[in-house]
Amino acid sequence: MKKLEQTQKFNWYTILWGGCLLIVLYLALTWQVDKKYVGIVERKDHVIRAQEPGRMNLLLVDIGDPVHAGQMLGMLDISDLKTSLGLLNRELSSIRKFEQANRSRLALEVRRMGLELENEAARLMDRLSLIESRSTELAGLNAEIERLSGARQAGLGHSRDLSALILQRDALASLLREQGKDLTRQTRKLQEARKSRDLLDATPLDSLTRSLFVEHMARAEEIERMTASIEHRMTLRTLFSPCEGYVTEILARQGNVVQDFDSVLCVEEIPPRYVDVYIPERSGIQPMNGMEAKIYSRRNRALNTTGLISFVHPGFVRADERLAFRGQMFWARKLRVELDEGHGLLPGEAVTVRIKVRDRRGLFLANPGPASAGTTEANGPDRIPPPLKKIQVPLSLREKSRFEPSGITWVPAKGKYLVVSDDTGLQDTPSEHAPFLHYMDESGHVEADPVPILGIDSVNDLEAVTALDSETFILVSSQNVSQKGKRPVSRERILKIRKEADRFVVLRSLDFLSLLLNSHSVRDLKALGLAAADSDGRPVLNIEGAAYFDGALFLGLKAPVSPDGAILWKLEDVDRAFETGKIAPGQLVLYGTVKLGKVGDNPAGISDLHVDGDGVMWALSAIPGAEPEEQTGGLHRIDRLADGRLAARRLLSFPGLKPEGLGLREERRAMIVFDRDQDVPLYAEVDLEALCDS
């Protein structure tokens with residue numbers, strides 16, 4: 001009996017200690033999870049301060065009121081500014097009236113001067129006409145006197161009018177001699193009068209007004225500057241909301257006096273865009289920009305959402321105080337996760353976060369694959385990759401067409417990128433392969449309506465776009481075999497299009513691969529790098545890069561990749577090819593081969609190409625046919641060496657990603673787009689000049 005009681009007592013103690021151990025393990029595991037995957041939704045408070053001292057005269061909101069960006073929230077007293085502004089406006093009005101009166105008076109004066117000059121010119125013309133008529137009269141008298149004198153000498157008799165005519169001639173000649181002395185001066189005065197009249201007509205009335213009323217004009221300009229300054233001060237005394245959100249605090253009520261930079265209101269921005277995530281030092285996760293994160297709300301599972309890492313702190317920082325456990329702080333790697341649109345998380349909310357080392361298609365690896373020999377690796381461990389952001393594709397566009405960006409080019413006149421998609425329309429519907437292009441701005445927002453291409457029924461697997469000028473572009477299809485093993489003629493096209501209003505029109509079209517096979521022998525094709533045959537018996541060919549420069553079209557091949565590297569072609573005088581519909585012998589040449597790196601035994605091919613205005617060639621690379629977990633994209637600068645070979649300098653690596661499009665703006669600012677098939681595409685902005693200098 002005693003032994004039984006000891007056994008029962010022993011079992012109770014065992015159960016008690018076992019339960020305590022389980023509780024400790026549970027708390028430890030819970031602490032470890034929370035510490036490893038914790039984050040705080042950003043809370044962005046905007047403190048609105050007074051820009052000038054004054055008394056609060058008007059307050060239009062209260063705590064809790066929703067506000068939108070640019071909404072007027074309140075105003076300080078501006079009665080003193082209104083008084084000053086009224087005085088200045090009245091003075092300016094007086095000056096304008098005085099100026100207008102003087103302008104009218106000056107116009108009349110100018111008109112009077114013009115009439116006087118016209119009268120003077122007419123008077124001088126009359127005098128010159130009189131002298132001319134008397135000279136004619138003198139010539140007539142001389143002729144008559146000569147006739148009568150001749151008759152008398154011939155014995156025909158003496159005319160009693162001869163003496164009178166001689167007296168009249170002498171008097172007229174004497175008068176003309178006197179007037180002739182002043183003829184040159186009168187002629188010069190007439191010319192001067194005409195010049196003065198022309199100058200008066202050519203001189204704008206405003207110039208005369210400014211020259212005569214300089215002081216009044218200067219005062220008017222001074223008043224206008226003072227008026228603009230007062231109006232600006234009125235704006236400073238008006239309080240506006242800087243964002244969409246709600247009012248959380250009011251620090252100065254109506255009637256309170258505030259000084260410069262005193263806080264008046266607080267507005268909290270909604271919705272929050274980021275989550276700050278803290279991963280402890282001992283975590284083995286190697287976060288990278290573009291990794292996907294799953295955000296779990298502690299309030300409601302329905303609020304769970306996802307996001308992308310947009311920033312990785314280069315070191316370790318002290319975690320937020322809210323995440324301390326029993327007052328103990330910890331140090332962690334800080335990440336910034338950009339939340340998906342439409343989430344329901346609240347500012348300042350604590351969340352649990354899971355970082356996906358690979359997303360559901362394995363698009364992220366911990367380390368990039370090694371570069372192959374012969375390439376220059378520029379993105380060492382100290383280079384911070386550019387932040388990756390999601391391209392914002394409107395729901396209304398997704399209802400009309402797939403959007404899988406495969407090539408971009410900058411359109412200065414539009415101020416946006418022109419984007420081609422390798423798949424368009426909706427799959428298995430009449431709109432599949434619809435001839436669509438897209439516009440996207442610098443912040444990754446795609447226009448809701450696709451841009452149609454007129455003059456063609458469909459497009460198929462467009463992979464590149466390049467600009468000939470501000471209105472004309474070339475579109476290049478891949479030329480490769482589809483996943484179904486087919487290569488329809490629509491996949492062979494190279495199109496020349498022109499922008500007309502809000503659409504594009506096809507000018508010319510080439511069935512490139514067919515033309516190439518018809519114009520080149522087997523030896524010629526091998527010289528271009530086309531030796532292997534695909535499933536349809538035609539050469540393996542996948543063109544994903546195109547760049548126009550100096551009349552030629554450069555084509556970058558993703559496949560095949562030669563033993564010497566990725567293949568680059570040059571199509572000379574591409575306009576002639578479009579006009580004739582033929583590729584002449586020697587018109588398409590092998591520009592060169594270049595090694596862009598490899599992952600394992602798989603070499604990289606060209607996924608896009610661009611030649612800038614200085615003739616510098618930039619290329620994106622990807623591994624042809626690689627599984628997502630084996631993919632590594634790259635950004636390269638390609639230069640021609642002294643011996644004629646091409647050499648690539650790798651500027652950036654993109655582990656697990658396929659860079660598909662490269663577009664350059666001014667000063668070598670570039671955008672790279674990443675196609676992720678069914679997932680939301682990404683983009684990154686890079687400074688090529690800075691990458692090359694670093």
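The values are calculated or read from the model by the stated rules, or taken from the named source; none is laboratory data. Predicted, not measured: the structure shown is a model, and the values here were computed from it. Quick reminder, even Gly has a Cβ in these numbers, built from the backbone with ideal geometry, and neighbours come from all protein chains shown.
If a residue must be within 13 Å of His232 (Cα to Cα) and in contact with a strand residue (DSSP E or B) (Cβ under 9 Å, 6 or more places away or on another chain), how many such residues does region 68-89 contain? Number of matching residues: 1. Every residue in region 545-574 that is among the basic types (Lys, Arg) and surrounded by fewer than 23 Cβ atoms within 10 Å (Cβ to Cβ), please. The answer is Lys570, and nothing else.
In region 418-444, the qualifying residues are those that are in a strand (DSSP E or B) and over 12 Å from the mean Cα position of the chain (by Cα), and the one that is nearest to Gly663 (Cα to Cα) is Val419.
Only one of the numbered conditions (1) modelled with pLDDT of 90 or more; (2) within 30 Å of His520 (Cα to Cα) is violated by Pro659, and that is (2).
On the basis of being assigned to a strand (DSSP E or B), touching a strand residue (DSSP E or B) at 6+ places or on another chain (Cβ under 9 Å) and on the phi < 0 side of the Ramachandran plot, does Ile309 make the cut?
Yes; evaluated as a whole, the condition is true for this residue.
Counting only strands (runs of 3 or more DSSP E) that sit wholly inside region 574-687, not one has at least 2 residues that are touching a helix residue (DSSP H, G or I) at 6+ places or on another chain (Cβ under 8 Å), free of Cβ contacts under 8 Å to residues at least 24 places away in the same chain and at positive phi.
Answer yes if at least one residue in region 586-606 is assigned by TED's automatic domain parsing to the domain that holds Leu620, closer than 20 Å to Glu627 by Cβ and polar (S, T, N, Q), and no otherwise. Yes, some residue in region 586-606 is assigned by TED's automatic domain parsing to the domain that holds Leu620, closer than 20 Å to Glu627 by Cβ and polar (S, T, N, Q). Counting residues in region 392-404 that are acidic (Asp, Glu) and at pLDDT 50 or above gives one or more. Scanning region 450-501 for residues that are among the acidic types (Asp, Glu) and out of contact with any Asp or Glu (no Cβ under 9 Å at 6 or more places or on another chain), we see that the one that is nearest to Asn542 (Cα to Cα) is Asp457.
Pairs only if they're at least six apart or on different chains, beta carbon under 9 angstrom, first in region 129-147 and farther than 12 Å from Leu165 by Cβ, second of a type in the set (Gly, Ala, Ser); list them, first residue then second. Matching pairs, first to second residue: Ile131/Gly180; Ser135/Gly180.
Each row is one residue, and each column tells you yes or no for (1) over 30 Å from Leu58 (Cβ atoms); (2) touching a Ser or Thr at 6+ places or on another chain (Cβ under 7 Å); (3) modelled with pLDDT under 75.
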residue: Ser79; (1), (2), (3): no, no, no
residue: Gln100; (1), (2), (3): yes, no, no
residue: Leu115; (1), (2), (3): yes, no, yes
residue: Ala121; (1), (2), (3): yes, no, yes
residue: Ser129; (1), (2), (3): yes, no, no
residue: Ala139; (1), (2), (3): yes, no, no
residue: Ser149; (1), (2), (3): yes, no, no
residue: Gly157; (1), (2), (3): yes, no, yes
residue: Arg177; (1), (2), (3): yes, no, yes
